[in-house]
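Beneath this line is the structure, given in structure tokens, with notes to follow.
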Amino acid sequence: MPANPSKLLNQRVSSHVLLLRTLIVAAGACAAPSAGANEATATEPAAAGALEEIVVTATRREENISRVPISVTAFSQDMLDQKGIKDFGDVARFTPGVAFDAGQTNQISIRGISSTGGSGTTGIYIDDVPIQVRNLGYNADDALLKLFDLDRVEILRGPQGTLFGAGSEGGAVRYITTQPSLTKSSVYAKAETSYTEGGSPSYEAGVAAGGPVIDGVFGVRVSAWYRRDGGWIDRVDPTTLAVVDKNANRDDTTVLRIAGLWQPNDALRITPSILYQNSRRNDVTIYWPEYSDPGNNRYVSANPEPRPEPDELYLPALNIQADLGSSVRLISTTAYFHRDETSGYDGTLYNLGFYQTLLLPQGFPAGVAAFPLLDGSGVHLPPGLQNYRSPASVTNRQSNLTQEFRLQSADPSARLQWTTGVFYSLDRQFSLEQVHDPMADAFFNQLLGMPIATYFGTALNANGSSYLPMGDAYFDQLVSYDRQLAGFGEANFNLTDTLKLTAGVRVSRTSYTIESLSGGPTNGGFRPGTQSSSETPVTPKAGIQWQATPNDMYYFTYAKGFRSGGGNASIPYDPTFKNPAVGCTQDFLNFGIPHAPATYKSDSVQSFELGAKNNIDNRVRLASSIYYIKWNNIQGNVVPPICQIQWTDNLGGAVSKGFDLQADFQLTSAFSIESAFGYTDARYTKNAYPSGTVLTGPNPPLPLVTSGDAVAGANGIGQGYSIPPYSATIGLEYKFHAFAHESFVRGDYEYLAGDKWLHPALDSRTASYDPTALSTPRQAFASLRAGTNVGDWSASLFVDNLTDAHPIVNYNHQNNTYDDNGALLASPAYRFVSYRPRTFGLTVTFRH
């Protein structure tokens, strides 16, 4: 007899509430007798009815955000809880000038500077430790922390090349962890349960506690947090359409952290710590439109196989601060960051689209009856091959060792304040892309009467099989070594009481080595290779800051940023060009190049920013800036349309210009408004071709991008998520007393504009043009939250995605199969990414 759905739901909700109560009570029992917050707090207390002032370390020293001559947005832990922010996708919605590819790559674009080719364009830091990933091989995802027990999150817009080094071209994201205290004990706990329409429940629970073990000498802080994000997309069998996995896109995350602080005397502070995060996503958050009905919260994926994405990282670090007299401080940060992650793509769909493009209808012995294998209506495998599966995976590993020594002035009232230091890093990265195709011979024998090796002209292995011993039809193993040694310095000099000059420079020596081992019949056979490169980038900074009044500051900044160059794995082709079917030979002919480049150089940005920070009677706070950024030698991926074996190249230049504005209003002691607006115009300024392209002749090749094309999100070249030209966020909050308890109601609304300019995949003048590519529509997301405080406890009810919006925020598609005249033979198979459907929930927090 089928179970009663309502009864099951009530049982689940009851169990979540019981779990929530148990954990919160346990947290309260752990509270130490002395109350108070951590010694170092990110937010200064405000007078009743006034705006709060957050303290940041964007310049590597503590300053009020209104006095920092940088366009920066910061969120304390209280602010994150108040707005219901759980991860960086939520942070991006509240931050002007930031775009985030939550559904695909975790790529962060700041002020239009973003690309999956080469090194990362946005610096990502945990405290002072860089953790961003190089885009090695296919689809490397940045590591992002879940937001629990953080002192704050800072988003710095504009290049930060002087103090934060390589990879901070567009800006930097900094996760600042809560530090142990030597004088005060504190407990922070949070629990939440929620239900998504059409999906399964979600829940989380976490506890953080810390305080002195030996008063004034030794303290600790420990935190533990777990979250289950319930799924809302069902995966079905592509042939029978029977549900294989209900609510398949669920994931689980665990975060643990312990930190100690030892202060043997007033001049020395030693802080060891270790952070661990383990995320286990059961399947990807992507749905097939032909089987789904978003208006009724029915989302279905017909991916032939599941795509679990485990992601595990740990970060031990040691920070030492020593006061060398009354005016100089030495800071040493030693860290080792290790991460293991598996992502990838659906290999079965990739192979069906790839093989279908190669064979075309007239190539099938069975004729048109065997065509198409894949189109917009789904998968169509012929009898005998309906269980064909070819799972693909991309394994990424990071092992990053970093050491920084920093000397800086310690007197905040001194006329000259300075910071200088030395930074060293050795980053080892491993990437293994595999397409496991054990049925390849059966597939090709049935459709073409020959094994796959015969078709691709590769030799059989020692076992007489067409593919590699592990059953791979495609194999690409890459190991890279990034070494960097840099010296940097920045000084601020007060010309007068109101006028300050800033000057800084960083000189880096970078070297890079990549070792590749490729193989498989669809990857041009066995190929080892090694490439190396080295450079010495210089990134200066200069600025002027005018404190016109105690509440009005204006600044101008020139800054340069860069990201390191690198090398490519070998690309298969026939060097004689007599056999265009070998590897990427035909693509090289079409591009007009002799081969793919062995290495690519660093690229750089030059930024000019004019900004202001104003406070009117502590009731209106404005932070505004306009900017012009010139981006040269852009690192981008070239994806050949035939062989589809990508490489990284330096591809032209672009200009990004725009503005961002944050405006907060405390209209009354009870009613406040927070708002943020951003405008980004990031477009190429010249045609871009692969390196070595010959433009002479009667039929010169088309450029990959043309002047005026928009920089297209994560990919930069070709298909990618678009960077919204306009963004706006507004939050309204009203505070009141309910039964003598401080309470509030809050509503937030975020808007992102759709495409304003063509990006390369939509531009028919480019070699990247795809007539089946989609433009990005406008997006809007609304949330509502109401809660009350009872002593150390607070509870709030919330609704996320209040209007149950489901715009296409990203997509991918396969099976662009054309005939010799360019006519589309089969409609593409689209897969979409959208918001989580409307979600109702309850959050309870405890602070003591």
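The values are calculated or read from the model by the stated rules, or taken from the named source; none is laboratory data. Since the structure is predicted, the reported quantities are computational estimates derived from the model, not experimental observations. Reconstructed Cβ throughout: ideal geometry from the backbone, glycine too, with neighbour counts over all protein chains shown. Note: accessible area is taken over every heavy atom of the protein model, side chains too, but ligands, DNA and RNA are not part of it. Shrake-Rupley method; radii C 1.70, N 1.55, O 1.52, S 1.80 Å.
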Of all residues in region 165-201, count the ones that are among the basic types (Lys, Arg) and open to solvent by less than 10 Å² (accessible area, probe 1.4 Å). 1
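Of the residues Leu774, Leu802, Leu758, Leu797, which is farther than 30 Å from Asn590 by Cβ, open to solvent by 40 Å² or more (accessible area, probe 1.4 Å) and either in a loop (DSSP other than H, G, I, E, B) or among the small types (Gly, Ala, Ser) (or both)? I'd like the intermediate steps shown before the answer.
Details: Leu774 fails: farther than 30 Å from Asn590 by Cβ; Leu758 fails: farther than 30 Å from Asn590 by Cβ; Leu797 fails: either in a loop (DSSP other than H, G, I, E, B) or among the small types (Gly, Ala, Ser) (or both).
From the options Leu774, Leu802, Leu758, Leu797, the qualifying one is Leu802.
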Inspect region 446-462 for any residue being out of contact with any Lys or Arg (no Cβ under 7 Å at 6 or more places or on another chain), open to solvent by 50 Å² or more (accessible area, probe 1.4 Å), part of a loop (DSSP other than H, G, I, E, B) and at pLDDT 95 or above and give the result as yes or no. no
Just one of (1) in a strand (DSSP E or B); (2) free of Cβ contacts under 8 Å to residues at least 60 places away in the same chain trips up Asp497, so point out which. (1)
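Yes or no: Asn296 of a type in the set (S, T, N, Q) and touching a strand residue (DSSP E or B) at 6+ places or on another chain (Cβ under 9 Å)?
Details: of a type in the set (S, T, N, Q): yes; touching a strand residue (DSSP E or B) at 6+ places or on another chain (Cβ under 9 Å): no.
Criteria not met by Asn296.
Could you tell me whether any residue of region 825-844 is part of a strand (DSSP E or B) and closer than 26 Å to Pro690 by Cβ? Even if it seems obvious, please write down each step before you answer.
Within region 825-844, the subset part of a strand (DSSP E or B) is 825-826, 829-833, 839-844.
If we keep only those that are closer than 26 Å to Pro690 by Cβ too, we end up with none.
No, region 825-844 has no match at all.
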If Asp266 satisfies all but one of (1) open to solvent by 60 Å² or more (accessible area, probe 1.4 Å); (2) modelled with pLDDT of 95 or more, what's the number of the condition it fails? (2)
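Conditions tested, residue by residue: (1) part of a strand (DSSP E or B); (2) at pLDDT below 95; (3) surrounded by 15 or more Cβ atoms within 10 Å (Cβ to Cβ); (4) not acidic (Asp, Glu).
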| site | (1), (2), (3), (4) |
| --- | --- |
| Thr668 | no, yes, no, yes |
| Ser675 | yes, no, yes, yes |
| Tyr679 | yes, no, yes, yes |
| Asn699 | no, yes, no, yes |
| Gly718 | no, yes, yes, yes |
| Ile723 | no, yes, yes, yes |
| Ala728 | yes, no, yes, yes |
| Arg746 | yes, no, yes, yes |
Only one residue in Leu589, Leu622, Leu610 is farther than 30 Å from Asn551 by Cα and aliphatic (A, V, I, L, M), so which one is that? Leu589
Within region 286-306, the count of residues that are assigned to a strand (DSSP E or B) and at positive phi comes to 0
Could you run through region 546-602 and say how many residues are in contact with a Ser or Thr (Cβ under 7 Å, 6 or more places away or on another chain), surrounded by fewer than 23 Cβ atoms within 10 Å (Cβ to Cβ), part of a strand (DSSP E or B) and charged (D, E, K, R)? 1
Among what's in region 202-225 and is surrounded by fewer than 20 Cβ atoms within 10 Å (Cβ to Cβ) and closer than 28 Å to Val844 by Cβ, pick the residue that is nearest to the chain's Cα centre (by Cα). Ala224
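From the list Pro698, Pro725, Pro703, pick out the single residue that is in contact (Cβ under 8 Å) with a residue 40 or more places away in the chain, more than 30 Å from Arg621 (Cα to Cα) and out of contact with any helix residue (DSSP H, G or I) (no Cβ under 6 Å at 6 or more places or on another chain). Give the steps one after another, and end with the answer.
Working: Pro698 fails: in contact (Cβ under 8 Å) with a residue 40 or more places away in the chain; Pro725 fails: more than 30 Å from Arg621 (Cα to Cα).
Residue meeting the stated conditions: Pro703.
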Within region 184-203, track down each residue that is in contact with a Gly (Cβ under 7 Å, 6 or more places away or on another chain) and outside any strand (DSSP E or B). Lys184, Ser185, Gly199, Ser200
Spot the failing condition for Ala143; the list is (1) of a type in the set (A, V, I, L, M); (2) more than 27 Å from Ser393 (Cα to Cα); (3) under 15 Å from the mean Cα position of the chain (by Cα), and only one is missed. (2)
Provide a single number: the residues in region 79-99 that are at pLDDT below 90 and touching a Gly at 6+ places or on another chain (Cβ under 8 Å). 1
Given the structure, is Arg228 within 30 Å of Ile629 (Cα to Cα), within 25 Å of the chain's Cα centre (by Cα) and at pLDDT 95 or above? no
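Among the residues of region 396-419, is there at least one that is part of a strand (DSSP E or B), hydroxyl-bearing (Ser, Thr, Tyr) and open to solvent by 30 Å² or more (accessible area, probe 1.4 Å)?
Step one: filter region 396-419 for residues part of a strand (DSSP E or B), giving 396-409, 416-419.
If we keep only those that are hydroxyl-bearing (Ser, Thr, Tyr) as well, we get 399, 402, 409, 419.
Among the residues that remain, those that are also open to solvent by 30 Å² or more (accessible area, probe 1.4 Å) are: none.
For region 396-419, residues part of a strand (DSSP E or B), hydroxyl-bearing (Ser, Thr, Tyr) and open to solvent by 30 Å² or more (accessible area, probe 1.4 Å): absent.
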Taking region 52-74 on its own, how many of its residues are assigned to a loop (DSSP other than H, G, I, E, B), open to solvent by less than 20 Å² (accessible area, probe 1.4 Å), within 11 Å of Glu154 (Cα to Cα) and not hydrophobic (A, V, I, L, M, F, W, C)? 0
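Can you spot a residue in region 527-537 that is open to solvent by less than 10 Å² (accessible area, probe 1.4 Å) and either in contact (Cβ under 8 Å) with a residue 12 or more places away in the chain or over 31 Å from the mean Cα position of the chain (by Cα) (or both)? First the steps, then the outcome.
Taking region 527-537 as the starting set, the residues that turn out to be open to solvent by less than 10 Å² (accessible area, probe 1.4 Å) are none.
Looking through region 527-537, none of the residues is open to solvent by less than 10 Å² (accessible area, probe 1.4 Å) and either in contact (Cβ under 8 Å) with a residue 12 or more places away in the chain or over 31 Å from the mean Cα position of the chain (by Cα) (or both).
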Looking only at region 681-697, filter to residues that are under 27 Å from the mean Cα position of the chain (by Cα) and outside any strand (DSSP E or B); which one of those is surrounded by the most Cβ atoms within 10 Å (Cβ to Cβ)? Pro690
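Condition (residue is touching a strand residue (DSSP E or B) at 6+ places or on another chain (Cβ under 7 Å), free of Cβ contacts under 8 Å to residues at least 60 places away in the same chain, open to solvent by 50 Å² or more (accessible area, probe 1.4 Å) and among the hydroxyl-bearing types (Ser, Thr, Tyr)) applied to region 312-323: is it met by at least one residue? Walk me through how you get there before you give the answer.
We begin by selecting, within region 312-323, every residue touching a strand residue (DSSP E or B) at 6+ places or on another chain (Cβ under 7 Å); these are 312-323.
With free of Cβ contacts under 8 Å to residues at least 60 places away in the same chain added as a condition, the list becomes 312, 314, 316, 318, 320-322.
Cutting the leftovers down to open to solvent by 50 Å² or more (accessible area, probe 1.4 Å) gives us 312, 314, 318, 320-321.
Still in the list and also among the hydroxyl-bearing types (Ser, Thr, Tyr): 314.
Yes; the residues of region 312-323 include at least one that is touching a strand residue (DSSP E or B) at 6+ places or on another chain (Cβ under 7 Å), free of Cβ contacts under 8 Å to residues at least 60 places away in the same chain, open to solvent by 50 Å² or more (accessible area, probe 1.4 Å) and among the hydroxyl-bearing types (Ser, Thr, Tyr).
Inside region 81-114, can you point out the residues that are basic (Lys, Arg) and either open to solvent by less than 30 Å² (accessible area, probe 1.4 Å) or in a loop (DSSP other than H, G, I, E, B) (or both)? So that I can check it myself, show each step before the final result.
Step one: of region 81-114, the residues basic (Lys, Arg) are 83, 86, 93, 111.
Matches in region 81-114: Lys83, Lys86, Arg111.
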